[in-house]
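The block underneath contains the structure these notes are about, expressed in structure tokens.
Just so it is clear, none of the values below were taken in a lab; they were calculated from the coordinates. What you see is a predicted model, and the numbers here were worked out from it, not measured in a lab. All Cβ positions, even for glycine, are placed from backbone atoms using ideal geometry, and neighbour counts span all protein chains on display.
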Amino acid sequence: MQDAVRAILHIDLDAFYASIEQRDHPEYRGKPVIVGGSPDRRGVVATASYEARKFGVHSAMPSRTALRLCPSAIFLPARFEVYRAVSRQIMSIFHQHTRLVEPLSLDEAYLDVSESVQDLTEAVKIAADIKQQIQDQTQLTASAGVSYCKFLAKIASDRNKPDGLTVITQQEAASFLDALPIEKFFGVGKVTAARLKSMGIYSGADLKWLGERNLRELLGKHGAQLYHYACGEDNRAVEPLRVRKSVGKEVTLEHDISDRSEMEHILAKLAAQVEHRLVELGLAGKTLTLKVRWSNFDLVTRAVSKAQGFQQTEEMLPVLYSQLSRLVDGKQAVRLLGVIVSNLFSQDVMARERRIVTPSLWPGEIAQE
Ligand code: DCP
Ligand code: MG
């Protein structure tokens, strides 16, 4: 008997926040829309419509830079309540097709449809049906990737955005992965990419050539995993019941640093990213943890808890800075910094929305140079 096929879908909505704004405000359709913080208040871009992306605008860019690149952009504050409601709609569509749904963020999930199909062609049909349902019920477009594993399904959904539907079969995987730039591999950030490139490793084919043992020596367990991805091997299961326990961000620095004000600057950026994610999910957390890895790889963490919880950057920073001042003596160098909020709980909606709207432009307000 033939082995049962694995059929994994990755579905990701296109320019999610911005498309919702264009849907709800027809006058913004076909125009460059940027959702995020205001350019005159050191905000960052959450996302940009495809019209704005043509100017080079992208997520996480300072809004001020975005305004310079695209002076005609329409800047809007995020309406998380609306985005969460749409997210519930699309997740419920996914659940009509399989119980194996693993959400990755508000607009993105893996689905394992292996039980309902004989081959990937049938899985493509399901992906097309889901895209149509999303269109009918939310008037939004999604891009779908179909493959035999999570890694390739995710890469596939990114291939033909927006409104894409891409399949990568087992037969196509090898040539596809060989040509894939290392940055596209799961878990390869800027630092790892730079390190690999300095050794002449640019693509999946190069990773394979380097071999499992070398990659493990270079990058530890993650290196071995990378090798297997490059060979098209990814057995990770779609995990529907992943309960989120924490929201955290960390960064491995390009160069070790020992200057405390530089560390504070990085912590402020990380805290802002954690705040963003917490707000998006409608969560706060009672425990705030500072994570520091010294240049000799020793790891220290310092956790502080408070009953009201942490969500906003300004609530986190005094705690992070005071913990940092106790750890750092100006001599030891740091290679990684992280900020984690755990012991999560759901926040009062109204109180939260008021705080989010304050630092942004009001809906409809148009930023001009
Ligand atoms: N988001 C954010 N900050 C980031 C990245 C994303 O606030 N640095 C938010 C805004 C996005 C949403 O999460 O609309 C979904 O993220 P995606 O990475 O899926 O980006 P988009 O859906 O906006 O665009 P794409 O068409 O590339 O998926
Ligand atoms: Mg998306």
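Some values worked out for this structure:
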{"quantity": "Förster radius 45 Å - calculated FRET efficiency between Ser325 and Trp209 (Cβ-Cβ, nearest 0.05)", "calculated": "0.45"}
{"quantity": "For Val44, distant residues with modelled amide H under 5 Å away", "calculated": "Gly37, Ser63"}
{"quantity": "Distance in nm between pseudo-label sites at Leu317 and Gln171 (7 Å out along the Cβ direction from Cα)", "calculated": "5.8 nm"}
{"quantity": "Residues of segment 50-91 with amide N under 14 Å of a point placed 7 Å along Cα→Cβ from Asp40", "calculated": "64, 75"}
{"quantity": "Relative contact order computed over the chain (Cα-Cα under 8 Å; 6+ residues apart), in percent", "calculated": "18 percent"}
{"quantity": "Rounded to 5, the percent of DSSP beta bridges in the chain classed as antiparallel", "calculated": "90 percent"}
{"quantity": "Residue-averaged [θ]222 nm for the chain, counting only DSSP H segments that reach four residues, each worth -39500 (n - 2.57)", "calculated": "-12500 deg cm²/dmol"}
{"quantity": "Computed E for His228/Ser346 - FRET, C-beta separation, R0 51 angstrom, nearest 0.05", "calculated": "0.85"}
{"quantity": "Length added when fully stretched, Asp129-Arg216, from 0.36 nm per residue minus Cα-Cα", "calculated": "27.2 nm"}
{"quantity": "Sorted by Cβ density within 10 Å, fewest first, the residues Ser59, Ser175", "calculated": "Ser175, Ser59"}
{"quantity": "Calculated FRET efficiency for the pair Arg99/Ala268, C-beta based, R₀ 45 Å, to 0.05", "calculated": "0.65"}
{"quantity": "Filter on Lys184/Lys306; Lys54/Lys245; Lys221/Lys291; Lys131/Lys197; Lys54/Lys150; Lys208/Lys245 - keep pairs with C-alpha separation over 32 Å", "calculated": "Lys184/Lys306; Lys54/Lys245; Lys131/Lys197; Lys208/Lys245"}
{"quantity": "Cα-based Rg / Dmax (Å) for segment 135-253", "calculated": "16.0, 50"}
{"quantity": "Sparsely packed trypsin sites (Lys or Arg not before Pro) within segment 26-89, loop by DSSP, other Cβ within 10 Å at most 14", "calculated": "Arg29, Arg42, Lys54"}
{"quantity": "Sparse-neighbourhood loop sites, trypsin sites (Lys or Arg not before Pro) in segment 183-255 - DSSP loop, at most 15 other Cβ within 10 angstrom", "calculated": "Arg236, Arg242, Arg244, Lys245"}
{"quantity": "Label-point separation, Asn160 to Ser258 (7 Å along Cα→Cβ), nm", "calculated": "5.5 nm"}
{"quantity": "Cα centroid of segment 81-128 to Cα centroid of segment 141-208, whole Å", "calculated": "21 Å"}
{"quantity": "At 0.890 mPa s and 25 °C, Stokes D of segment 5-100 from Kirkwood alpha-carbon radius, µm² per second", "calculated": "171 µm²/s"}
{"quantity": "Cα→Cβ-extended label distance, 7 Å offset, between Ala85 and Ala333, nm", "calculated": "5.3 nm"}
{"quantity": "Helix runs (DSSP H) in the chain reaching 18 Å along axis by Cα, Kyte-Doolittle at least 0.0", "calculated": "80-95, 313-327"}
{"quantity": "Anisotropy class of the chain from Cα gyration tensor, a/c 1.5 cut", "calculated": "oblate"}
{"quantity": "Net lengthening on full extension, Ala194/Arg29 (0.36 nm per residue, minus Cα-Cα)", "calculated": "55.5 nm"}
{"quantity": "Max mean-square fluctuation residue, GNM over the chain, Cα-Cα springs under 10 Å, options Phe151, Phe297, Phe185", "calculated": "Phe297"}
{"quantity": "Segment 62-162: C-alpha gyration tensor shape, a/c 1.5 cut-off, then a/b vs b/c", "calculated": "prolate"}
